[in-house]
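Where a number appears in this text, it was derived from the coordinates with a stated rule and is not lab data. Treat the numbers as computed from the prediction; the structure is a model and nothing was measured. Neighbour counts are summed over all protein chains in view; Cβ atoms, including those assigned to glycine, are modelled from backbone coordinates with ideal geometry.
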Amino acid sequence: FQPKVLMGHRVLVTAGPTFEAIDPVRGITNHSSGKMGFAIARAAHEAGAEVTLVCGPVHLPTPWGVRRVQVESALQMQAAVQAEVDRASVFVAAAAVADWRPAQASAQKIKKDGSGLPPTLSFVENPDILAGVAASDRARRGELFCVGFAAESHDLETHAQAKRLRKGVPLLVGNIGPTTFGQDHNALLLVDEHGCRAVPHGPKLALARQLVAEIARRVAAPPV
Ligand code: C5P
C-alpha cells in the first residue's frame, strides 16, 4: 500500500527513446527501454495522482490507470507535452530524447545509387523539451514542478548539478551506474539546490516510489 502523497496532482511523464526518421524505412534512435519513466508513472498513480505518460517507441505495457500518449519523434513528443502540460502540476522528463534529427526525412526510401558512395545526411538539433517547459511562466511561478534526468559516465554529481542549473529545474535525477539502459535495477542521485542525496541500488519501481515521495515533499499543496 502506497500513501496517497500526490492526491489531487496531475503528473506528466516523458519516457523512452525517440525515433527520428531518415526515410520511410530507416531512422536513428537509442537504447532507452522506457522502464524508469514507466515506473515513475506507475508510482505517481499509486500515490494518487492523475498521470499522463508521453512515450516514444517502447515495448512496455501501460501501467494501470495511466493515460498513455504514444509518439515517435522528438517534435511529436514536444507537441504532445505542450498539449498536456498546462493541466499538469508536476512534469518528469525521463525520456532519452534524440539530440539531433535528420534535417529532412526523405519521403521515399533512399536507394543505393551504384556509385559506391554512401548518402550524406545532415542533422538539425532537436528542441530541449524539458528546458522549454522549465522556462514557462507556470514553472517559474512554482505552479509546475519540473524534474529532469541525467545519464553521465563520470563526475555525476558535478555534471548533474550543472545540468540542473542549465535546464532550470529544481530537481535533477542522476542515473548512477554505467549502463542502466534496459535494466530492471538502478541507483539514483537526487540533486537539488541544497546538494545531493543517493537513493541506493534497487528495482526501478522501488526507486520510482522514493522519487515520487521526494517530489511530493517539494510540491505545493494540490491545486484546487
Ligand atoms: O541534455 P540531456 O539530454 O543530457 O538532458 C537530459 C534531460 O533533459 C532528461 O530529463 C531529458 O528527458 C530531457 N531532455 C528533453 N529534451 C531534449 C533533451 C533532453 O526533454 N531534447
- For S153 paired with H201, estimate the spin-label separation in nm (one decimal), with each label point 7 Å from Cα along the Cα-to-Cβ line. 2.1 nm
- Could you check the simple spin-label distance between A83 and L117, using points 7 Å along Cα→Cβ, in nm with one decimal? 4.2 nm
- Show the residues, 5+ positions off or on another chain, whose built amide H is closer than 5 Å to the amide H of L188. I176, V199
- Please work out the Cα convex hull volume for the chain and give it in Å³ per residue. 134 Å³
- Normalised contact order of the chain, rounded percent, pairs of Cα under 8 Å and 6 or more residues apart: 21 percent
- Query: Out of A49, A213, A94, any idea which swings most in a Gaussian network model of the chain, alpha carbons joined below 10 Å?
  - Reply: A213
- So what's the range 1-94 giving for Rg/Rh, alpha carbon basis, Kirkwood Rh from the mean inverse pair distance? 1.01
- Long-range amide H partners of V51, meaning residues 5 or more apart or on another chain whose placed amide H is closer than 5 Å, are V11, R67
- Message: If the elastic network links every pair of Cα atoms under 10 Å, which of A98, A39, A107 fluctuates the most in the Gaussian network model of the chain?
- Response: A107
- Query: Which loop trypsin sites (Lys or Arg not before Pro) in the range 100-161, with loop taken from DSSP, have no more than 15 other Cβ atoms within 10 angstrom of their Cβ?
  - Reply: K109, K111, K112, R141
- Task: Pop out the ³J(HN,Hα) list for the range 44-52 in order, Karplus 6.51 cos²θ - 1.76 cosθ + 1.60 with θ = phi - 60°, rounded to Hz; leave Gly and Pro as x.
- Result: 5, 5, 4, 7, x, 7, 8, 10, 10
- Would you list which aspartates and glutamates come within 15 Å of K112, measuring only between C-alpha atoms, while excluding same-chain residues fewer than 8 positions from it? D23
- Message: Ranking request for peptides 18-28, 196-206, 58-68: highest mean number of other beta-carbon atoms within 10 Å first, then the rest in descending order.
- Response: 18-28, 196-206, 58-68
- Could you list H194, H31 in order of exposure, starting from the residue whose Cβ has the fewest other Cβ atoms within 10 Å? H194, H31
- Message: With 10 angstrom as the radius, rank T52, T158 by how many other C-beta atoms surround their C-beta, starting from the fewest.
- Response: T158, T52
- More than 27 Å apart: what percent of Cα pairs in the range 93-224 qualify? 35 percent
- Task: Give the calculated FRET efficiency between A162 and A135 to the nearest 0.05, with a Förster radius of 22 Å applied to their Cβ-Cβ distance.
- Result: 0.80
- Message: Among DSSP bridges having both ends in the chain, what percentage is antiparallel? Round to the nearest 5.
- Response: 45 percent
- With charges set only on the Cβ (+1 for Lys and Arg, -1 for Asp and Glu), what does the dipole of the chain come to about its Cα centre, in debye to the nearest 20? 380 debye
- Message: Per residue of the range 182-199, what does 6.51 cos²θ - 1.76 cosθ + 1.60 with θ = phi - 60° give for ³J(HN,Hα)? Whole Hz please, x for Gly and Pro, Karplus curve as stated.
- Response: x, 7, 8, 10, 6, 9, 10, 10, 9, 10, 10, 5, 8, x, 9, 9, 8, 9
- Query: Using the Cα gyration tensor of the range 113-184, with a ≥ b ≥ c the square roots of its eigenvalues, what is the shape: rounded (a/c below 1.5), prolate (a/b larger than b/c) or oblate (neither)?
  - Reply: oblate
- Query: Got a sec? Charge dipole of the range 1-103, +1 on Cβ for Lys and Arg, -1 for Asp and Glu; which of H31, A83, M7 is way out at the positive end?
  - Reply: M7
- Using unit Cβ charges (K, R positive; D, E negative) and no other charged atoms, how large, in debye to the nearest 20, is the dipole of the range 52-154 about its Cα centre? 300 debye
